[in-house]
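Everything on this sheet refers to the single structure shown next.
The values are calculated or read from the model by the stated rules, or taken from the named source; none is laboratory data. Please read all numbers here as calculations on a predicted model, not as lab measurements. Positions of Cβ are backbone-derived with ideal geometry, glycine not excepted, and every protein chain shown enters the neighbour counts. For accessibility, only protein heavy atoms count, side chains too; no ligands or nucleic acids. Shrake-Rupley method; radii C 1.70, N 1.55, O 1.52, S 1.80 Å.
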Amino acid sequence: MTTREMQTVPAGTWSVDRVHSTLGFSVEYMAGTFAGTFSDFDVSVADGVLSGTAKVASVQVKDPNLEAHLQTPDFFDAERYPELAFVSRSIERSGGELTIEGDITIKGHTEPVELRGTITEPIADPYGGTRYGLKLETTVDRLAFGMSWNNPLPSGEPALSNDVALSGDLQLSRQA
């Protein structure tokens with residue numbers, strides 16, 4: 001193995017390119033999957049630590065009424081908790097695969113979480129910079145964060161799953 005292959009994440013300070021990155025969630029709802037994204041988020045890697053935040057008010061789904069409902073205390077409670085946050089405690093790499101242990105904070109409550117995904121090697125971009133990619137995902141139990149709203153189906157089963165998949169498809173650019 002070369003030194004480059006043994007390095008967990010590239011050295012230096014890296015910031016997300018929001019135009020070419022996506023931060024989102026999905027959850028099983030009735031007979032399919034309900035998905036959304038956050039348009040206002042920040043992610044950085046510095047000194048081997050991945051950290052990020054997302055503004056709750058920037059949640060985007062296909063219906064403005066649902067966006068409004070997600071802002072209420074039934075879900076994110078944007079007025080009291082305007083931001084979601086993540087910070088890594090450890091990052092392990094095996095080839096192009098990553099396992100990241102960290103803490104996620106939603107609605108003011110912090111839980112440990114493990115993200116899994118892939119990393120690309122840094123490349124020179126056409127604008128004179130250097131960037132690399134991360135694709136990460138995890139699943140959290142929304143009940144752990146006080147998101148207990150549900151709508152029962154006629155069978156009595158809940159319409160909305162408790163398990164929520166969180167995902168990030170990120171491009172990070174080296175900062176000077």
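In the context of the full set of protein chains, residues of the chain present 56 Å² of accessible surface per residue (probe radius 1.4 Å, heavy atoms only). Indicate the gyration tensor shape class of segment 41-94 (rounded, prolate or oblate), computed on the Cα atoms with a ≥ b ≥ c the square roots of the eigenvalues: a/c under 1.5 is rounded; otherwise a/b larger than b/c is prolate and the rest oblate. Verdict is prolate for segment 41-94.
Given a 1.4 Å probe and every protein chain left where it sits, what share in percent of the accessible area of the chain is carbon and sulfur? Heavy-atom surface of the chain belonging to carbon and sulfur, 1.4 Å probe: 53 percent. What's the FRET efficiency of Ala68 with Glu101 using the Cβ-Cβ distance as r and R₀ = 41 Å, to the nearest 0.05? Calculated value: 0.75. With the highest mean first, a sort of the peptides 129-136, 155-162 on other beta-carbon atoms found within 10 angstrom per residue produces 129-136, 155-162.
For the pair Asp125 and Ser44 in one chain, pulling the backbone fully straight at 0.36 nm per residue adds 27.3 nm over the alpha carbon distance.
Under the criterion of Cα pairs below 8 Å and six or more residues apart, the relative contact order for segment 137-176 equals 49 percent. What the pair-distance distribution of segment 74-176 shows, using all Cα-Cα distances binned every 10 Å from zero, is 13, 34, 29, 18, 6, 1 percent.
Across segment 1-159, Cα pairs under 8 Å and at least six residues apart give a relative contact order of 15 percent. Other residues with beta-carbon under 13 Å from the beta-carbon of Thr33 carry, at +1 per Lys or Arg and -1 per Asp or Glu, a net charge of -1.
Hey, if you drop one equal point scatterer on each alpha-carbon of the chain and run the Debye formula without solvent, what base-10 log of I(q)/I(0) do you get at q = 0.13 Å⁻¹? Taking Cα atoms of the chain as identical point scatterers yields -0.68. Rounded, prolate or oblate: which fits segment 113-161, taking a ≥ b ≥ c as square roots of the Cα gyration tensor eigenvalues, rounded meaning a/c under 1.5, else prolate when a/b beats b/c? It is prolate, given that a/c is not under 1.5 and a/b is the larger ratio.
How many angstrom lie between the C-alpha centres of segment 65-107 and segment 16-55? If you average the Cα positions of each part, the centres end up 8 Å apart.
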